[in-house]
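The structure appears right after this line, and notes come after that.
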Amino acid sequence: MRLVPPQPISYPTSNLSVTFPSPYEDKETLGILKLIDWPSPPSIITNLSFSTSPQNCQYYMLNSQTEYKVGDTLKVIILSRDHDGRPKAYGGDFFQAKVHSPNLKAGITGQVLDYGNGTYLATFRLLWPGKVQVDIRLIHSSEAVAVLKDKREKHPEKVYFNGFFHFNGSTEVTECNLEVSHTDVCSYKDPVSGDTWQCIKPQNLPCDSWVYHSMGGYRHVTNALEDSLLSGSVTNQIIKGSVSSIEVGMSNYSLELNSKLPACTPGQEQQQPSGYYYNDNWTSLVCLGQHFPDHSDASSCLRGKVIYMFGDSTLRQWFEYLEHFIPTLKRIDLHVNYKSGPLVAVDADSGLYMEWRAHGLPLRTSKTMVSDLHYEAAHLAGIGGGPNTVVVLTIWAHFTTYPVAVYLQRLATIRKAIASLLFRSPQTIVLIKSANTGYKSLYGSDWLSLQLDILLRAFFKGMTVTVLDVWDMTSCHYLLDNIHPGQQVVRNEIDLMLSYICPK
């Protein structure tokens, strides 16, 4: 990605002019930014026909074998073509690939390599016996990705928020965001974390009367051609292949692989793929993951633990799962907005305390009290930590519409807070949930999520924290792709989390 300091951009739909800070220029961050380099089309297209067509793309087996066994690698070449059937001469298409066996409820993601000339290599590990199907999808054409990148960096106002001001019986509602431009602005800065927020100043009320926050709405910032490039007919579409399935024979590879895996401990190097499904159970390829089929197993693991969860609704699913799975956990009604929390559940007999709260602004949520919204770094500063303390974080979904520099600043603040927590309490368990797949729009695309996910993993590499890779877990399951995955997926995510809290 070419680093160009963003210029002030005027938005006629909102009468706002916003300039976000340019990405950091230190060597570490420049190196991290190289990880999300993505090829752009060599020129601006003026017609949909020149973009990649999922109907005209094809794949075929590379070095096809007469027999495959567990442990072998399957390689597939993908050929990209436009809507007129012409071969593409450049890369940048965003494909997702998996092999799966629906009858076995098994699946694993494939790794896609872009050769930069319209051809791609998809590589799959074959880790179970039986009939295996190939599934390759064009999520976005390279031309659509260029639109996503452009709108991310230049139009952060496409998602906006409301601030509700109350004072002496009067009420006003104004527009808010990370940064707004107006003749009179209310600026807010968290005294601990340093995170900032702005609202257009009410006409008759003071800035201190800001009481509630909510999602405002979505603005249309694309033209007709850009809309067609992001339309459902060309997004997340299966492409045709020469061979749809193969038969995989038995071997001792799986037994040998599992015998070499270490216990699940903080700071382990992640790999791709990070695991696979078989009989609807996730098997980690990183460490000796466990399963907790009975609520007593989970309850025993979490006995005496204090669990703090900070994140979005995909992490709230974990709170909800545990609350319903462990019958002795009882919710305490704090009379708050459910969508933003805080939500608290306790098991007094086992000494288990569990809390979920939404991360700080920006947050797309219904009307909620500002006092209930805590920036994660500020809240972490108030946690003592220790061997019975578990911190679980996820932060990405509400940042997909902002320039990358905004996300990098937030990650830097969180990393500093986690480093401080681990310095004073090294035995604290810190788990970071990766991004999910499931977004398919301008306001939240899998491509945008993947970019942030790569940055998140890089930012915490080398620290004694664990990044729980749920990207793979949500991208190769048989359930329909959904930003809020089904209970089968959440169960496996929770099992992986518990494997790090209670390793073998």
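The values are calculated or read from the model by the stated rules, or taken from the named source; none is laboratory data. The model shown is predicted, which means the values in this text are computed figures rather than measured ones. Cβ placement follows ideal geometry from the backbone for every residue including glycine, while neighbour counts extend to all protein chains displayed. Calculation scope for accessible area: heavy atoms of the full protein, side chains included, ligands and nucleic acids excluded. Shrake-Rupley method; radii C 1.70, N 1.55, O 1.52, S 1.80 Å.
(1) over 20 Å from residue 461 (Cβ atoms); (2) at pLDDT below 95: which one isn't true of residue 53, the others all being true?
(2)
Note down all Cβ pairs under 7 Å where the first residue falls in segment 130-144 and is among the polar types (S, T, N, Q), the second is modelled with pLDDT of 95 or more and part of a helix (DSSP H, G or I), and they're at least six residues apart or on different chains.
From segment 130-144, the pairs are 141/229; 141/234.
Quickly run through segment 166-189 and pick out the residues that are within 19 Å of residue 217 (Cβ to Cβ) and of a type in the set (A, V, I, L, M).
Residues satisfying the conditions are 173, 178, 180.
Tell me, please, whether a residue that is open to solvent by 10 Å² or more (accessible area, probe 1.4 Å), assigned to a strand (DSSP E or B) and over 27 Å from residue 484 (Cβ atoms) can be found in segment 389-397.
Checked segment 389-397: at least one residue is open to solvent by 10 Å² or more (accessible area, probe 1.4 Å), assigned to a strand (DSSP E or B) and over 27 Å from residue 484 (Cβ atoms).
The conditions are (1) buried (at least 22 other Cβ atoms within 10 Å of the Cβ); (2) assigned to a loop (DSSP other than H, G, I, E, B), and residue 448 fails exactly one of them. Which is it?
For residue 448, the failing item is (2).
Here is a check on your reading of the model: is residue 336 modelled with pLDDT of 95 or more and in contact with an Asp or Glu (Cβ under 6 Å, 6 or more places away or on another chain)? Quick ask: steps written out before the conclusion?
Numbers: modelled with pLDDT of 95 or more: yes; in contact with an Asp or Glu (Cβ under 6 Å, 6 or more places away or on another chain): yes.
So residue 336 fits the description; yes.
Go through (1) open to solvent by 10 Å² or more (accessible area, probe 1.4 Å); (2) more than 30 Å from residue 95 (Cβ to Cβ) one by one and return the number of the condition residue 209 breaks.
(1)
When the residues of segment 457-480 are narrowed to those that are in a loop (DSSP other than H, G, I, E, B) and more than 18 Å from residue 103 (Cα to Cα), which ends up most open to solvent (accessible area, probe 1.4 Å)? I'd like the intermediate steps shown before the answer.
So in segment 457-480, the residues in a loop (DSSP other than H, G, I, E, B) come out as 460-465, 469, 476-480.
When the remaining residues are screened for being more than 18 Å from residue 103 (Cα to Cα), the result is 460-465, 469.
On the way: 460: 10, 461: 136, 462: 81, 463: 37, 464: 83, 465: 8, 469: 5 Å².
That would be 461.
Would it be correct to say that residue 32 is buried (at least 18 other Cβ atoms within 10 Å of the Cβ), at pLDDT below 95, in contact with a helix residue (DSSP H, G or I) (Cβ under 9 Å, 6 or more places away or on another chain) and farther than 24 Å from residue 224 by Cα?
Details: buried (at least 18 other Cβ atoms within 10 Å of the Cβ): yes; at pLDDT below 95: yes; in contact with a helix residue (DSSP H, G or I) (Cβ under 9 Å, 6 or more places away or on another chain): yes; farther than 24 Å from residue 224 by Cα: yes.
Answer is yes for this residue.
Spot the failing condition for residue 438; the list is (1) closer than 21 Å to residue 268 by Cβ; (2) surrounded by fewer than 22 Cβ atoms within 10 Å (Cβ to Cβ); (3) without any contact (Cβ under 8 Å) to a residue 60 or more places away in the chain, and only one is missed.
With respect to (1) closer than 21 Å to residue 268 by Cβ; (2) surrounded by fewer than 22 Cβ atoms within 10 Å (Cβ to Cβ); (3) without any contact (Cβ under 8 Å) to a residue 60 or more places away in the chain, residue 438 is out only on (1).
Please state which of the following conditions residue 502 fails to meet, knowing it meets all the rest: (1) touching a strand residue (DSSP E or B) at 6+ places or on another chain (Cβ under 7 Å); (2) under 30 Å from residue 303 (Cβ atoms).
With respect to (1) touching a strand residue (DSSP E or B) at 6+ places or on another chain (Cβ under 7 Å); (2) under 30 Å from residue 303 (Cβ atoms), residue 502 is out only on (1).
Among the candidates 94, 124, which residue alone is in contact with a His (Cβ under 9 Å, 6 or more places away or on another chain) and either of a type in the set (A, V, I, L, M, F, W, C) or open to solvent by 70 Å² or more (accessible area, probe 1.4 Å) (or both)? Can you show your working first?
Working: 124 fails: in contact with a His (Cβ under 9 Å, 6 or more places away or on another chain).
Just a single option satisfies the conditions, and that option is 94.
If you scan segment 221-236, which residues turn out to be among the polar types (S, T, N, Q) and surrounded by 15 or more Cβ atoms within 10 Å (Cβ to Cβ)? Walk me through it before giving the result.
Residues of segment 221-236 among the polar types (S, T, N, Q): 222-223, 228, 231, 233, 235-236.
If the condition is that a residue be among the polar types (S, T, N, Q) and surrounded by 15 or more Cβ atoms within 10 Å (Cβ to Cβ), then 222, 228, 235, 236 are the ones that fit.
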